[in-house]
Amino acid sequence: AQSVAQPEDQVNVAEGNPLTVKCTYSVSGNPYLFWYVQYPNRGLQFLLKYITGDNLVKGSYGFEAEFNKSQTSFHLKKPSALVSDSALYFCAVRDEAGTASKLTFGTGTRLQVTL
Amino acid sequence: EAGVTQSPTHLIKTRGQQATLRCSPISGHTSVYWYQQALGLGLQFLLWYDEGEERNRGNFPPRFSGRQFPNYSSELNVNALELEDSALYLCASSLFSGSGNTIYFGEGSWLTVV
């Protein structure tokens with residue numbers, strides 16, 4: 001079975017500072033990893049994904065994520081946070097075999113960026 | 001290009017009634033997924049349709065059902081509504097069911113059961 005853990009319910013960061021939202025995963029084969037963002041009362045927006053290749057993946061709105069196979073992690077990062085980045089962030093995993101083809105999501109991390 | 005569209009945006013039903021939610025995938029996408037986002041329970045996988053067939057379902061009772069039409073749109077039906085069915089129901093689509101394909105979500109349908 002595949003699973004995702006987001007160990008922090010909330011991350012607080014000051015605007016202009018770097019941010020990291022943590023994610024670890026468990027799958028039986030090679031992972032396909034995704035990050036989504038959800039603004040209040042909205043659906044999920046795709047940010048970025050890792051399929052294969054370079055461990056550092058760049059995505060929308062200046063976000064990037066680093067895949068670390070040995071630590072089974074896929075942390076989301078941004079060099080300089082904006083107040084508008086405040087939202088709920090979800091990490092998700094799918095195994096390479098596409099078993100059941102579904103994405104399994106973490107519980108979400110609320111990012112709060114303050115002035 | 002239009003994204004995933006869902007209707008209605010909000011729906012209020014009484015316990016015991018039936019609710020029908022509708023979803024139109026991104027043009028060219030053949031796979032449709034339904035997720036439930038209930039307060040405090042995160043995102044729970046409900047159903048996956050591909051090429052008109054139900055391919056997988058999550059751990060939900062049979063009163064949650066749906067279908068996919070020949071134009072790849074989909075509807076989710078929830079029968080015998082219970083208070084705990086109140087949630088945001090998210091529909092998503094992907095190009096086809098390959099693991100690396102990105103799944104794109106709609107804005108969701110809010111179902112309130114009173």
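Readers should treat all values here as calculations from the given coordinates under stated rules, not as data from a laboratory. Source: prediction; values computed, not measured. Cβ: placed from backbone, ideal geometry, glycine included. Neighbour counts: every protein chain shown.
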Could you go through the stretch A:41-54 and let me know if any residue there is more than 12 Å from residue A:4 (Cα to Cα) and away from every other protein chain (no Cβ under 14 Å). yes
Against the conditions (1) closer than 14 Å to residue B:108 by Cα; (2) out of contact with any Cys (no Cβ under 7 Å at 6 or more places or on another chain), where does residue B:32 fall short? Just the number, please. (2)
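So, restricting to strands (runs of 3 or more DSSP E) that lie completely within the stretch B:7-114, which ones have at least 1 residues that are touching a His at 6+ places or on another chain (Cβ under 9 Å) and surrounded by 13 or more Cβ atoms within 10 Å (Cβ to Cβ)?
B:87-94, B:109-113
Mind listing whichever residues of the stretch B:1-37 are aliphatic (A, V, I, L, M), more than 18 Å from residue A:42 (Cβ to Cβ) and away from every other protein chain (no Cβ under 14 Å)?
If the condition is that a residue be aliphatic (A, V, I, L, M), more than 18 Å from residue A:42 (Cβ to Cβ) and away from every other protein chain (no Cβ under 14 Å), then B:12, B:19 are the ones that fit.
Tell me, which strands (runs of 3 or more DSSP E) wholly within the stretch A:1-112 include 2 or more residues that are crowded, with 20+ Cβ neighbours inside 10 Å?
A:19-21, A:31-38, A:44-50, A:64-68, A:73-78, A:87-95
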Residue by residue through the stretch B:60-89, note down the ones that are closer than 14 Å to residue B:11 by Cβ and of a type in the set (Asp, Glu). B:75, B:85
Got a number for residues in the stretch B:46-67 being within 14 Å of chain A (Cβ to nearest Cβ) and in contact with a strand residue (DSSP E or B) (Cβ under 7 Å, 6 or more places away or on another chain)? 11
